[in-house]
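Working notes, beginning with the structure itself.
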Amino acid sequence: MYAVVRTGGKQYRVEPGTSFRVEKLDGAVGDNVELPEVLLVGEQDSATIGTPLVDGAKVKGTITAQARGPKITIFKMKRRKGYRRKMGHRQSYTEILVDAIEA
């Protein structure tokens, strides 16, 4: 069984027993989390598509990590003008282990 969930403005295809990274959610490592915005629930050969959400469906999981991704360097420059700007950014994320899909 698999599902497509929406969180943080993005969509993810998830299955029980797998883990995935989403935009930072509130909670500590070990807390249970529930993702109620399920767009699609599928089996081997059939799928239930929501309009826009599947009624009564939710994905339950456990937070396994609250961390930050790799550093991205942003560099701006205009040639011959002496303009240079260098900045860095690290995006925070939450890693979730999917326990069950309820449909």
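List of remarks:
- Condition check for Thr73: more than 16 Å from Gly8 (Cβ to Cβ), touching a strand residue (DSSP E or B) at 6+ places or on another chain (Cβ under 9 Å), of a type in the set (S, T, N, Q) and surrounded by 11 or more Cβ atoms within 10 Å (Cβ to Cβ): no
- Residue selected from the range 76-98 under the condition of a type outside the set (S, T, N, Q) and under 26 Å from Gly30 (Cα atoms), by the criterion surrounded by the fewest Cβ atoms within 10 Å (Cβ to Cβ): Arg90
- For Val4, the conditions (1) free of Cβ contacts under 8 Å to residues at least 40 places away in the same chain; (2) farther than 13 Å from Ala103 by Cα; (3) surrounded by 14 or more Cβ atoms within 10 Å (Cβ to Cβ) are fulfilled apart from (2).
- Close Cβ contacts (under 9 Å, 6 or more residues apart or on different chains) running from residues in the range 82-100 that are at pLDDT 95 or above to residues that are outside any strand (DSSP E or B) and acidic (Asp, Glu) comprise Thr94/Asp26; Val98/Glu15.
The values are calculated or read from the model by the stated rules, or taken from the named source; none is laboratory data. Everything numeric in this text was worked out from a predicted model, so none of it was measured. Glycine gets a Cβ as well: all are built from the backbone with ideal geometry, and neighbour counts include every protein chain shown.
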